Ligand SMILES: [Zn+2]
């Protein structure tokens, strides 16, 4: 039930259009619509087989400097899958191994491999806010996709809603001090584990010193 609900949440984003943009970030010029690209948000494993969930992202052409610009989209910079799936991988990898994280996500019917989980977990992407759903920790971005009324809003209005719930991932820039990033949390976790491993050996070390 939980896994179906999560897969349905991801599926609700299928074919949504992302068209929101401001002035050119390079020169402040006027961005004119150029074309629309279809991008894979997630791959779901359904009883009927593999299903690609795609979104449409509008591209703009700056009239002043000529640069090609993407609308705000539900992807973190330099990533290939939707931000809610990345958030899920980062959230689960804080309490599970990378391979177990990929197994849990695959069991939800969402395609991801261990290598991708590892890449996101050790990146400077943010640790997402968590919501508990039937006792299961879900990132807020994914939680907000669940129960999104299908067909209530379509086109760019749906895109704007998804972006707000996802925290505008394409505009994310890692903080210079690394605070709140997944890699810094993974480092803390590793240090904590090593400390726990060292502690039982303490009495032996003390004996040596005496
Ligand atoms: Zn420009």
Residue 144 at pLDDT below 90, closer than 26 Å to residue 50 by Cα and in a helix (DSSP H, G or I): yes
Exclusive hit being in contact with a strand residue (DSSP E or B) (Cβ under 9 Å, 6 or more places away or on another chain) and away from the ligand (no atom under 16 Å from the Cβ), set 5, 79: 5
Answer residue from the stretch 39-59, given it is more than 21 Å from residue 116 (Cα to Cα) and surrounded by 21 or more Cβ atoms within 10 Å (Cβ to Cβ) and is farthest from the ligand (Cβ to nearest atom) among those: 57
Number of the condition not met by residue 101 [criteria: (1) away from the ligand (no atom under 16 Å from the Cβ); (2) in contact (Cβ under 8 Å) with a residue 24 or more places away in the chain]: (2)
Residue that is nearest to residue 86 (Cα to Cα) [pool: residues in the stretch 157-177 that are at pLDDT 90 or above and over 15 Å from the mean Cα position of the chain (by Cα)]: 175
Search result, residues across the stretch 12-35 that are away from the ligand (no atom under 11 Å from the Cβ) and either touching a strand residue (DSSP E or B) at 6+ places or on another chain (Cβ under 8 Å) or outside any loop (DSSP other than H, G, I, E, B) (or both): 13, 14, 15, 16, 17, 18, 19, 21, 22, 33, 34, 35
Only listed residue being modelled with pLDDT under 95 and either exposed (fewer than 15 other Cβ atoms within 10 Å of the Cβ) or within 11 Å of the chain's Cα centre (by Cα) (or both), chosen from 87, 78, 113: 78
Output for the stretch 37-75, where each listed residue is part of a strand (DSSP E or B) and over 30 Å from residue 3 (Cα atoms): 58, 59, 60, 61, 62, 68, 69, 70
Every pair of residues 6+ apart whose Cβ atoms lie under 8 Å, when the first sits in the stretch 6-26 and is closer than 18 Å to residue 60 by Cα and touching a residue at least 12 places away in the same chain (Cβ under 8 Å) while the second is part of a loop (DSSP other than H, G, I, E, B) and more than 16 Å from the ligand (Cβ to nearest atom): 16/154; 18/72; 18/73; 18/74; 20/72; 21/72
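The values are calculated or read from the model by the stated rules, or taken from the named source; none is laboratory data. Being a predicted model, the structure only gives us computed values, none of them experimental. Reconstructed Cβ throughout: ideal geometry from the backbone, glycine too, with neighbour counts over all protein chains shown.
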